[in-house]
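A quick write-up on the structure given underneath.
The values are calculated or read from the model by the stated rules, or taken from the named source; none is laboratory data. As the structure is a computational prediction, the values presented were derived from the model and not from experiment. In this analysis, Cβ positions are derived from the backbone assuming ideal geometry, glycine residues included, and neighbour counts consider all displayed protein chains. Calculation scope for accessible area: heavy atoms of the full protein, side chains included, ligands and nucleic acids excluded. Shrake-Rupley method; radii C 1.70, N 1.55, O 1.52, S 1.80 Å.
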Amino acid sequence: YRCIMKNKKGFISITVVYSFFLVFLMMLLSITASYVNNRMLLKTMKDDVKTSLGYNMSGYLIDNYQSLKMNYHTNMLANGANDGSYRFSGTNPDNYVCFGPGATKKGITCPDNNLYRIIGVFDKQVKLIKKTSVGKKAWDGSNANTWVGSTIYTYLNGEYLTSLTSTWSNKITTTSWQVGGMTEENGKTANPSKVYTYEVGPNKANVTSTSKIGLIYVSDYGFAASPNNWTNLLQNYGDSNITSSNWLYGGSIHVNEWTISRNSGNNISVFWINNGLLWGSYFARDNLAIRPSFYLESSVELNGGTGKATDPYRIK
């Protein structure tokens, strides 16, 4: 009898322990499920808010510049522009944008004609350049290197801008472009940071043009190379080791490409890119490739995409 009672007590004790364990386990599972559910609800709420409010494009690039491998050009960045800009550099960064009629449609391949690439963020405005050339044209048919009123200025801010339709042209901000240029010596025998000072920095000629569409600066091309090349003089940028690390270099696709910078040493020549070499003595009347460049309004919002060529950023 005592043996039976003892076994009974042992059985009851074990049962009580297991009961408490099962109750504790159920409570733990309930808490865990509740936590996971709340996390999912919070994520859904964040996604809903993000979708409804949109994500400012320039803000996204600035917030994620390190993971996107952009360079922040402050005085802490060796040989940089020191202008507070965020720029893409290197071989082939994920900086593609689909821009133009029909470009917002998700799941539809972006036409090559609508592909642009991000040069960087300047004063909270995203600067783009068209991936492909719009054809070869004279910088100016009368062989003058004054930007305002030139053949290329008129085309870009007339026919080309109109072709984008008002929906998209309204997303482009009106910009004050520095178009005073620099001498051939300053343009060729200096590194990108020095050239930047002559084009748009403290040593600029301070000749401006207010318009929506322009072309790249010589310094834009220089800083698009990997940072280890920023100490090189631009006249040496034709070296294959440099061109292979420069996403803005178009290779055989855009050989002989115009920039917006004039040779201020005369009134007939403009800087251009030829196999990576920059010159200031090419006549403005000659036909070279054109890749339009412009700044987006700071209010432009993202609508998906990862920046890859196969999945470019979409604009809301």
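Counting only residues at least eight positions apart within a chain, or on another chain, the aspartates and glutamates with an alpha carbon under 15 Å from that of K127 are D83, D94, D220, E297, E301. In this structure the stretch 165-316 gives 37 Å² per residue of accessible area when probed at 1.4 Å with all protein chains present. Below 8 Å, C-alpha to C-alpha, sequence gap of six or more: please give me the relative contact order for the stretch 209-269 in percent. 42 percent.
Surface composition of the stretch 253-308: carbon and sulfur atoms hold 46% of the protein heavy-atom accessible area at a 1.4 Å probe. Counted by Cβ distance under 10 Å from K136, the other residues give a net charge of -1, where Lys and Arg count +1 and Asp and Glu count -1. Element breakdown for the stretch 117-237 at a 1.4 angstrom probe: carbon and sulfur atoms account for 46% of the accessible area. Accessible surface of V200, taken over heavy atoms with a 1.4 Å probe and every protein chain present, rounds to 40 Å². For L302, the residues whose amide H sits under 5 Å from its own are Y55, N56, M57, K316, ignoring neighbours fewer than 5 places away on the same chain, with H placed 1.01 Å from N.
Taking 0.36 nm per intervening residue step and subtracting the Cα-Cα distance, what contour gain separates K308 from N241 on full extension?
21.8 nm
Accessible surface ranking for K204, K136, 1.4 angstrom probe, highest first: K136, K204. Computed with a 1.4 Å probe over protein heavy atoms only, the accessible area of S166 comes to about 80 Å².
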